[in-house]
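Novice: My questions all concern the structure below.
The values are calculated or read from the model by the stated rules, or taken from the named source; none is laboratory data. Computed from a prediction, not measured in an experiment: that's the story for all the values here. Here Cβ is always computed from backbone atoms with ideal geometry, including for glycine, and neighbour counts include all displayed protein chains.
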Amino acid sequence: MKILNRYFSRQLVAIFIMLLLVLTGLAWMMQIMSMMKLLLNYGIELTSFLGLTVLMIPFIVSIIIPFVTFIAIIFVYNKLITDNEITVMAASGLSPRQIARPALVLAGVLALMHLVLNLWIVPTTQAQFYSTQWNLRYGLAHLKLQESAFTELTGGLVVYVDKVSGHDLSQVMLSDMRDQSTPITIFAEKGKLVSTSRGLSIVMTNGSLQAHGDTLTTGTFDSFDMDLNVADKEGESSFRVRRVPTLTLVKSVLDAPSEKQHQMVLTELATRFLTPIMNLILAALCTVILLRTSLLRRRASFAPALAVGAMAIAMSAFMSLSNMIDSVTDFVLLVMGIFIVLIGVLVALCKK
């Protein structure tokens, strides 16, 4: 039996790793394409851009693990059934539970790894992703002003600088046409770019200002601090549950500031804690359908399609129910339902 377990396990692990690498790579490439505007619009270096997209890999893996587990199991077991290897094992006295054991062990190990990924690794990398993305977009890292040239920071905001030394500027001209009713033009001998929690600001000294509205307003200043307002403040400050540490998320269940955030927190907690269990449910569903319908019937070709249909129903039901959670009671009911389904499938697998 140990030899058979190793035989099954080697095939399952090999297929799982291959599929995980391929699907993760494809999803990562799609993420790169969707974020290409960062590279083109903000002048971000390629290495910084790739480093940013790498931070999305743990999140991508956390999404596809249950599906990769299911595909690996259905591929290996269906191949063994087609080659009559399962039939020989059953004829030698092995029960469906014994034949399915390698798949369930793999799913159990992956469920534990998935749980660690969801509870600690994904929130940490997502927090770093959003922070790095904001800094690359609106921090000093992305801004490269050219000497003796006009630089458009955003639509309607243009800066001309005679000389640039790091973040220190000389002979600055700033034209702010974002508000067409009151365009502003500023001239200054010196300026300095600073990064704040709001984004970029420019501190100018020894200059003059002209504002065109209903009347022309002019004036001089010794020091003038202007918030460039090029940052997406809503995007930075918005509540993103994926980047909140799990312990903080649990504590915020009872003190969420709004009903919408309360629902978002419960949905995220359900995703983090219960999605790993779906590895076991899908593995058990796959093996029980394949073994019960095809164990001694080589031509039961509908078994893989039936298993795929069951997987689609199970995942659709889980995602729909997790997004419908409105209270802690709903969360507890979903947890109970998940475990009841898991026990039921395992019992069906163990029946003789």
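Novice: Name the single residue, out of those in the range 67-112 being part of a loop (DSSP other than H, G, I, E, B) and among the hydroxyl-bearing types (Ser, Thr, Tyr), that is farthest from the chain's Cα centre (by Cα). Step through it out loud before you land on a result.
Specialist: Within the range 67-112, the first condition is being part of a loop (DSSP other than H, G, I, E, B), and the residues that meet it are 83-84, 92-95.
In the following step, the residues that additionally are among the hydroxyl-bearing types (Ser, Thr, Tyr) were identified as 92, 95.
Working: SER92: 46, SER95: 40 Å.
The residue in question is SER92.
Novice: Of the residues THR82, THR125, which is closer than 24 Å to LEU52 by Cα, β-branched (Val, Ile, Thr) and touching a residue at least 60 places away in the same chain (Cβ under 8 Å)?
Specialist: Numbers: THR82 fails: closer than 24 Å to LEU52 by Cα.
Answer to the selection: THR125.
Novice: So, in the range 71-110, of the ones that are of a type in the set (Val, Ile, Thr) and in contact with a Cys (Cβ under 8 Å, 6 or more places away or on another chain), which residue ends up surrounded by the fewest Cβ atoms within 10 Å (Cβ to Cβ)? If you could, list the steps in order and put the result at the bottom.
Specialist: We begin by selecting, within the range 71-110, every residue of a type in the set (Val, Ile, Thr); these are 71, 73-74, 76, 81-82, 86-88, 99, 105, 109.
Now narrow it down to the ones that are in contact with a Cys (Cβ under 8 Å, 6 or more places away or on another chain): 73-74.
Working: ILE73: 29, ILE74: 24.
Checked the range 71-110; the qualifying residue surrounded by the fewest Cβ atoms within 10 Å (Cβ to Cβ) is ILE74.
Novice: Right, something else. Give me the residue from the range 123-170 that is more than 23 Å from LEU46 (Cα to Cα), crowded, with 16+ Cβ neighbours inside 10 Å and of a type outside the set (A, V, I, L, M, F, W, C) and, out of that set, modelled with the lowest pLDDT.
Specialist: TYR160
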